[in-house]
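As structure tokens, the structure follows; a few thoughts come after it.
The values are calculated or read from the model by the stated rules, or taken from the named source; none is laboratory data. This is a predicted model, so every value here is computed, not measured. As a convention, Cβ positions derive from the backbone with ideal geometry for all residues, glycine included, and neighbour counts pool all protein chains shown.
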Amino acid sequence: MNNFVFHNPTKIIFGKGTISEIGKEIKNVAIKKVLLLYGGGSIKKNGVYDTVVESLKDNGIEWVEVSGVVPNPVLSKVHEGVEIAKEENVGAILAVGGGSVIDSGKAIAAGFYYDGDIWDAYIEKYTITKALPLFVVLTLSATGSEMNGNSVITNEKTKQKFAVRGAVYPTVSIIDPSAQFSLPKAQVVYGAVDIITHVLENYFDHTKDTEIQDRISESLVRTVMNNTEKILQNPTDYEARAQFAWCGTLALNGLTAAGKSGGDWASHRIEHSLSALYGIAHGAGLAIISPAWMKYVYKEYLEKFVRFAEKIFGIIEGNDEEKVLKGIESLKEWYKKIGAPVSLKDANIPKEDIEKIVENVCMLKLPLGNIKKLYKDDIREILKIAAD
Ligand code: NZQ
Ligand code: ZN
């Protein structure tokens with residue numbers, strides 16, 4: 001295990017009925033006015049908006065609203081948010097929503113203190129050193145953005161979907177699993193795939209002697225699978241929602257990465273191009289790319305892929321390679337079973353587009369990944385495996 005520093009500054013308030021605490025949390029740090037950021041209106045339908053504004057009023061917090069953050073959030077909305085945050089001189093950002101709203105909130109929080117275009121941070125021309133405090137009310141468990149410093153934004157002009165990492169952590173995040181009862185089933189499915197892939201991106205890492213990280217990871221994947229099925233059967237199963245939500249947070253808050261060497265992340269990088277070009281949900285893209293990536297790279301780290309097959313899917317029969325292939329197939333089958341697309345074809349992306357996708361991925365600095373360093377030809381091969 002490597003030496004590490006684990007410092008996650010986000011305070012989590014978790015549980016039923018906790019959303020009404022948001023005003024008090026903001027007041028506690030003497031903030032008087034916030035920019036309330038949200039998406040396309042789901043929070044108005046499920047009552048979360050009302051609970052939030054009530055809590056702000058009760059605690060004497062003023063707010064100004066920016067709404068309409070779209071899934072795969074875009075830079076122009078971030079610019080709008082930065083402009084309003086500056087004009088109104090708010091003391092914090094309050095993001096109420098899923099990963100897209102939170103990631104936009106992080107960009108606005110950092111953009112508030114930056115004179116240039118905050119996109120500079122995403123293309124590594126600027127390192128974020130200062131940001132407004134960010135408060136979060138989570139309505140969709142998937143990205144882990146509620147307890148990490150990452151933000152992924154799409155520049156709709158250049159079709160680049162790029163990330164900053166470890167830059168802006170929420171000060172407080174409220175996770176009330178019952179706020180997720182209203183999620184469409186597809187979002188639960190995409191969330192499950194995203195959470196599982198976050199765990200696996202860190203799991204497939206060459207660092208030796210990481211028993212605790214590996215066991216936590218295997219447990220997270222199995223718990224997510226188990227509770228996804230419960231939620232799909234009964235969307236108002238609070239305990240299943242709670243297990244799922246906490247797994248989502250733990251999957252990308254630094255816990256499983258501590259002591260390792262950074263994980264792989266190639267599947268994520270390649271997926272972001274699918275979202276950027278076709279607007280598909282991040283989790284849907286991962287269900288297509290991640291099993292194809294596994295098939296392409298498993299020989300580079302056979303013993304870990306054997307462990308994956310054995311511990312997560314209980315595969316004990318066959319030689320090592322057979323076990324691995326069965327393990328990868330089991331993951332893919334499970335994704336299919338819950339309703340995720342598992343090929344480009346399933347997502348109506350024609351094979352003929354592969355070259356266009358490769359070009360988009362190659363706007364990133366290559367090589368991608370760690371298990372196997374991926375260059376342009378490797379990325380093309382993975383996309384071919386993912387084709388149908
Ligand atoms: O916009 P509204 O109306 O709120 O509807 C949203 C949206 O349409 C809806 N929704 C959210 N909560 C709901 C709800 N509908 C009913 N009831 C609720 N309680 O769900 C839709 C999807 O929301 P979105 O925020 O886009 O989903 P998600 O949380 O999966 O976020 C995905 C984005 O996060 C990025 C992805 O690339 C993608 O852009 N990621 C961010 C990461 C991070 N910051 O660490 C890491 C991830 O790997 C990922 O890249
Ligand atoms: Zn992800």
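At a glance:
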item	result
Residue among 172, 199, 188, 224 that alone is in contact with a strand residue (DSSP E or B) (Cβ under 6 Å, 6 or more places away or on another chain) and β-branched (Val, Ile, Thr)	172
Test: residue in the range 293-302 that is within 16 Å of ligand 1 (Cβ to nearest atom) and touching a residue at least 40 places away in the same chain (Cβ under 8 Å)	yes
Filter pass, residue 207 being at negative phi, away from ligand 2 (no atom under 16 Å from the Cβ) and among the polar types (S, T, N, Q)	yes
Residue check for residue 10: within 30 Å of residue 209 (Cβ to Cβ) and buried (at least 17 other Cβ atoms within 10 Å of the Cβ)	yes
Selection count, the range 216-263, where residues are of a type outside the set (A, V, I, L, M), over 15 Å from the mean Cα position of the chain (by Cα) and more than 25 Å from residue 309 (Cβ to Cβ)	8
Lone unmet requirement of (1) within 11 Å of ligand 1 (Cβ to nearest atom); (2) assigned by TED's automatic domain parsing to the domain that holds residue 297; (3) surrounded by fewer than 24 Cβ atoms within 10 Å (Cβ to Cβ) for residue 214	(1)
Residues satisfying the stated conditions in the range 85-124, i.e. closer than 30 Å to residue 283 by Cβ and surrounded by fewer than 17 Cβ atoms within 10 Å (Cβ to Cβ)	120, 123, 124
Test for residue 55: is it among the polar types (S, T, N, Q), buried (at least 17 other Cβ atoms within 10 Å of the Cβ) and within 16 Å of ligand 2 (Cβ to nearest atom)	no
Residues located in the range 78-102, provided they are touching a helix residue (DSSP H, G or I) at 6+ places or on another chain (Cβ under 6 Å) and either without any contact (Cβ under 8 Å) to a residue 12 or more places away in the chain or more than 16 Å from residue 42 (Cα to Cα) (or both)	78, 81, 82, 85, 93
Among (1) surrounded by fewer than 24 Cβ atoms within 10 Å (Cβ to Cβ); (2) without any contact (Cβ under 8 Å) to a residue 60 or more places away in the chain, the one test that residue 187 misses	(2)
Pair list, Cβ < 9 Å and 6+ apart or interchain, from the range 244-268 residues that are under 19 Å from residue 190 (Cβ atoms) and among the aliphatic types (A, V, I, L, M) to residues that are assigned to a loop (DSSP other than H, G, I, E, B) and within 13 Å of ligand 1 (Cβ to nearest atom)	245/141; 245/176; 250/144; 251/144; 252/143; 252/144; 252/148; 252/150
Which listed residue is of a type in the set (Ser, Thr, Tyr) and more than 16 Å from ligand 2 (Cβ to nearest atom), from 190, 169	169
The range 342-383, residues that are part of a loop (DSSP other than H, G, I, E, B), over 21 Å from the mean Cα position of the chain (by Cα) and either under 20 Å from residue 281 (Cα atoms) or assigned by TED's automatic domain parsing to the domain that holds residue 155 (or both)	345, 346, 348, 349, 350
The lone exception for residue 86 - which of (1) under 18 Å from residue 119 (Cα atoms); (2) within 16 Å of ligand 1 (Cβ to nearest atom) it fails	(2)
Unmet requirement for residue 236, which otherwise passes all of (1) within 24 Å of residue 294 (Cα to Cα); (2) more than 12 Å from ligand 1 (Cβ to nearest atom); (3) not small (Gly, Ala, Ser)	(1)
Elements of type helices (runs of 4 or more DSSP H) contained in the range 264-335, each with 3 or more residues being of a type in the set (Ser, Thr, Tyr) and under 23 Å from the mean Cα position of the chain (by Cα)	266-278
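Conditions tested, residue by residue: (1) of a type outside the set (Phe, Trp, Tyr); (2) within 12 Å of ligand 1 (Cβ to nearest atom); (3) over 22 Å from residue 270 (Cβ atoms); (4) free of Cβ contacts under 8 Å to residues at least 60 places away in the same chain.
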position	(1), (2), (3), (4)
112	no, no, yes, yes
119	no, no, no, yes
134	yes, yes, yes, yes
156	yes, no, no, no
166	yes, yes, no, yes
171	yes, no, yes, no
